[in-house]
Amino acid sequence: GGGGAGGAVKISDAEICKWANAKVAAAGKSEHISSFKDKSIGSGQFLLALLAAIEPRVVDASIVTSGESDDDKALNAKYVLSVARKLGAAVFLTWEDIVEVKPKMVMTLVASLQLIAELRGREHK
């Protein structure tokens, strides 16, 4: 079997965003983003809710801050990356990318988490 780039299916930003929102909602959380440009991503709250939805045990709620001040945002963003690594996600972004809401970088992280969630879903069945 030949084929160029491994025949990977290109999933759109909108689909990944939709998946992330659905995953968070299914876990009974209220966080929601309109797109990967959504400024609320900067607080880290949505990404931590998503991580907890994938694997509740990896997120320690006592470490999560309100994400309102710059310091709190930084703490949450750093925690997002540490938890994502624990789950085995490919982390190519820095915590600043989250705080500053760099859509491409955030999307890459969420896409990696989607892959992990799907793999975990298969293992659990």
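The values are calculated or read from the model by the stated rules, or taken from the named source; none is laboratory data. Here the structure is a predicted model, which means the values were calculated and not measured. As a convention, Cβ positions derive from the backbone with ideal geometry for all residues, glycine included, and neighbour counts pool all protein chains shown. Accessible surface is based on the protein model in full, side chains and every heavy atom, while ligands, DNA and RNA are left aside. Shrake-Rupley method; radii C 1.70, N 1.55, O 1.52, S 1.80 Å.
A few notes on this one:
- When shorter helices are ignored and each DSSP H run of at least 4 residues is given -39500 (n - 2.57), the per-residue value for the chain at 222 nm works out to -17500 deg cm²/dmol.
- With the whole protein complex present, SER112 retains an accessible surface near 20 Å², based on a 1.4 Å probe.
- When the chain is treated as a Gaussian network with alpha carbon springs shorter than 10 Å, the biggest mean-square fluctuation among LYS86, LYS104, LYS37 belongs to LYS86.
- Rounded to the nearest Hz, the phi-derived 3J(HN,Hα) couplings of the stretch 76-91 under the Karplus curve 6.51 cos²θ - 1.76 cosθ + 1.60 (θ = phi - 60°) are 4, 4, 5, 5, 3, 5, 5, 5, 4, 5, 4, 6, x, 6, 7, 9, where x marks glycine and proline.
- Summing charges over all other residues whose Cβ lies under 14 Å from the Cβ of PHE92, with Lys and Arg as +1 and Asp and Glu as -1, gives +1.
- Cα-based Rg of the chain normalised by 2.2 N^0.38 Å, two decimals: 1.05
- Rel. contact order, % - alpha carbon contacts under 8 angstrom, at least six apart, the chain: 24 percent
- Extension gain from GLU123 to ALA61, taking 0.36 nm per residue of separation minus the Cα-Cα distance: 19.8 nm
- If the segment from LYS86 to ASP70 were pulled out straight at 0.36 nm per residue, it would be longer than the present Cα-Cα gap by 3.3 nm.
- Approximate spin-label separation SER12-ASP38, in nm, with each point projected 7 Å along Cα-to-Cβ: 1.7 nm
- A Gaussian network model of the chain, with springs between Cα atoms under 10 Å, assigns the largest mean-square fluctuation among VAL58, VAL24, VAL110 to VAL58.
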